[in-house]
Amino acid sequence: MTAPKNLFVGQLNTPDRVALRAAFKGVFERRFYTNHGPLVAAFEDRVAERLGVAHVICVANGTVALMIAAKAAGLSGEVIVPAYTFPATVQALVYAGLEPALCDVDPSTHAVTAETVAAALSPKTAAIVGVHMWGRPCDVEGLSSLAEDRGLHLMFDAAHAFDISIGGRKVGGFGLCEVFSFHATKVLNCGEGGCIATNDSAFAAACRTAANFHDRAGDVETPLRINGKMSEAQAAMGLVGLETLDSVIEGNRARYAQYRDRLEAAPGVRFIDHAAGLRSNCQYVVLEVDPECAVDQMALIEAMRVNGIAARRYFYPGMHRAPPCDARHWNLPITDRLCRSVMQTPSGETTSRADIDRVCDVIEATIDNGTR
Ligand SMILES: *Cc1c(COP(=O)(O)O)cnc(C)c1O
C-alpha cells in the first residue's frame with residue numbers, strides 16, 4: 001500500500017496548461033513583456049466586467065495594490081484596520097507612511113464591523129480599511145455609513161473575496177476602492193498579481209500614475225510613484241484562469257459542503273460557515289477549536305501534521321503582537337482568542353473526497369483521544 005499523500009492548505013488552482021502555453025507564445029511573438037501590454041489591458045477589462053466596476057488597475061501583487069491605493073488616496077494620519085488579518089493589510093499602510101490604528105473583529109465572522117471600528121476612532125483617523133475575511137463580505141453597510149458620518153475614506157482589502165456578492169452586487173465596487181490579490185493561493189491565480197478596483201475616475205488615474213514610472217496619456221499629479229506594474233506573463237495566467245474560474249469555484253463549493261457536513265456537528269470544533277446564504281468562492285475551510293475541546297489548536301495541528309496533513313493556524317500572533325505595531329500595547333481580546341483557536345484545513349482541486357474524509361477522521365479521532 002502506498003503512503004497517503006501529503007495535504008496542504010493554500011490551494012493552487014492551476015489554469016489550463018495548453019491554453020496557457022498558447023497565451024505565452026503570443027507574448028514571445030509580440031516581444032511585449034510589460035508596460036501595460038495587450039494582455040494586461042484585456043485582463044483589466046475582463047476583471048472590471050466580472051466585478052461590475054468602472055476601473056481596474058492591475059499591479060504586481062495585492063500588497064503593492066494596497067500600498068498604491070493608500071498613497072494615491074493622499075491620506076495622512078491613522079488608518080483603522082483589523083489586527084486579525086494577513087500581515088500585508090497592515091504593513092502596506094506602514095509603507096505608505098500611515099499609522100495603523102488596530103481594531104478588533106466580530107467573534108462570529110472574524111471580520112470588522114462598524115462597532116469594532118468605532119472603538120479605534122480618534123481625531124487623527126483618516127480612513128478605514130475593512131477586510132472581507134475568508135471571502136465573506138465584512139459590514140459594508142455599517143462601515144459605509146460610519147465613514148460617511150465622520151468624513152473618512154473607506155477602502156477594502158478584498159484579497160480573499162474575488163467573485164463574492166452581497167445582495168446581488170459583487171464585492172469590488174464598495175468604498176473608494178477594493179483591492180484584490182491574484183497570488184497563487186487565491187481563487188484566481190496569476191502566480192503573483194493584484195488589482196485595485198474603483199468607480200472613482202480621478203482615483204483610478206492617480207493609482208495608474210502611481211503604479212508606473214513611465215509617463216502615459218491620462219497621468220495625473222501623484223505624491224510618489226513605484227514600479228508596481230503587472231507583467232504580460234501574469235496577465236496571461238489571469239486571462240486563462242478566468243476561463244475556468246466558474247468550475248474552480250464549483251469544485252470549491254463541493255469540497256466546502258463535504259467539510260461542512262462532516263464537521264458542522266462535530267464536538268470540539270466550530271465550522272465557520274462563512275458562505276451561508278452568499279455567493280461565495282468557498283476558497284477557505286476554516287475551523288475554530290473550542291476552548292472546552294479535549295485538545296488545543298496546536299495539539300490538533302500537530303496530530304494532523306504527523307498524519308501528513310499540513311493544517312495551519314491563522315493569523316498568529318496577530319498584527320498587534322508583531323512588528324512594527326507591537327511597540328504599542330493593544331487590547332484586542334477577540335483577535336487574541338482567534339489567533340489561538342482558528343485553523344484552516346487542506347482544500348483545493350487536488351484534494352479528493354477521500355482526502356477530506358481522512359482529514360475529518362483525523363480531527364475526530366484526535367479530539368476523541370484528547371486529554372487537555
Ligand atoms: C493574500 C493577501 C494579501 C496580499 O496579497 P499578495 O498578492 O500576496 O501581496 C493581502 N491581504 C489579505 C487578506 C491576503 O489574504
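The values are calculated or read from the model by the stated rules, or taken from the named source; none is laboratory data. It should be emphasised that the depicted structure is a prediction, and the values quoted were computed from it without experimental measurement. Glycine gets a Cβ as well: all are built from the backbone with ideal geometry, and neighbour counts include every protein chain shown. Side chains are part of the model used for accessible areas, which takes the heavy atoms of the whole protein and leaves out ligands, DNA and RNA. Shrake-Rupley method; radii C 1.70, N 1.55, O 1.52, S 1.80 Å.
Say whether the condition of being open to solvent by less than 10 Å² (accessible area, probe 1.4 Å), over 25 Å from Cys138 (Cβ atoms) and in contact with a helix residue (DSSP H, G or I) (Cβ under 6 Å, 6 or more places away or on another chain) is met by at least one residue in the stretch 311-320. Among the residues of the stretch 311-320, not one is open to solvent by less than 10 Å² (accessible area, probe 1.4 Å), over 25 Å from Cys138 (Cβ atoms) and in contact with a helix residue (DSSP H, G or I) (Cβ under 6 Å, 6 or more places away or on another chain), which makes the answer no. Residues in the stretch 171-206 that are more than 16 Å from the ligand (Cβ to nearest atom) and either farther than 13 Å from Leu51 by Cβ or at pLDDT below 95 (or both): Leu176, Asp200, Ser201, Ala202, Phe203, Ala204, Ala205, Ala206. In summary, Asp215 fulfils each of the numbered conditions (1) more than 14 Å from the ligand (Cβ to nearest atom); (2) modelled with pLDDT of 95 or more; (3) not β-branched (Val, Ile, Thr) with the single exception of condition (2). Which count do you get for residues in the stretch 147-166 that are among the basic types (Lys, Arg) and within 16 Å of the ligand (Cβ to nearest atom)? The qualifying residues number 0. Figure legend. Inter-residue proximity from the stretch 212-226: first residues within 20 Å of Gly74 (Cα to Cα), second residues of a type in the set (Gly, Ala, Ser) and assigned to a loop (DSSP other than H, G, I, E, B), beta-carbon distance below 9 Å, spacing 6+ or different chains. Indicated pairs: Asn212/Gly228; Thr222/Gly74; Pro223/Gly74; Leu224/Ala96; Leu224/Gly97; Arg225/Ala211; Ile226/Ala211. With respect to Leu188, is the statement that it is open to solvent by less than 10 Å² (accessible area, probe 1.4 Å) and under 22 Å from the mean Cα position of the chain (by Cα) true? The answer is yes for Leu188. Checking Val117 against (1) open to solvent by 20 Å² or more (accessible area, probe 1.4 Å); (2) over 25 Å from Thr222 (Cα atoms); (3) more than 13 Å from the ligand (Cβ to nearest atom); (4) among the hydrophobic types (A, V, I, L, M, F, W, C): exactly one of these is not met. Which one? So Val117 meets the others, but not (1). For His274, state whether it is touching a helix residue (DSSP H, G or I) at 6+ places or on another chain (Cβ under 8 Å), buried (at least 20 other Cβ atoms within 10 Å of the Cβ), in a helix (DSSP H, G or I) and in contact (Cβ under 8 Å) with a residue 12 or more places away in the chain. The answer is no for His274. Among the residues making up the stretch 230-271, those that are in a loop (DSSP other than H, G, I, E, B) and open to solvent by less than 40 Å² (accessible area, probe 1.4 Å) are Met230, Ser231, Ala266, Gly268.
Inside the stretch 48-104, residues that are in a strand (DSSP E or B), touching a residue at least 40 places away in the same chain (Cβ under 8 Å) and more than 10 Å from the ligand (Cβ to nearest atom) make up a count of 11. Looking across the stretch 158-178, the residues that are touching a residue at least 12 places away in the same chain (Cβ under 8 Å) and open to solvent by 10 Å² or more (accessible area, probe 1.4 Å) come down to Ala159, His160, Ser165, Ile166, Arg169, Lys170, Gly173, Phe174, Gly175, Leu176. So if I check each of Thr371, Thr350, Thr366, which one is assigned to a helix (DSSP H, G or I) and either open to solvent by 10 Å² or more (accessible area, probe 1.4 Å) or not β-branched (Val, Ile, Thr) (or both)? On inspection, the qualifying residue turns out to be Thr366. Residues that are farther than 23 Å from Tyr316 by Cα and under 17 Å from the mean Cα position of the chain (by Cα) within the stretch 71-87 are absent altogether.
Of all the listed residues (Tyr316, Tyr284), the sole one being in a loop (DSSP other than H, G, I, E, B) and either touching a residue at least 60 places away in the same chain (Cβ under 8 Å) or of a type in the set (S, T, N, Q) (or both) is Tyr284.
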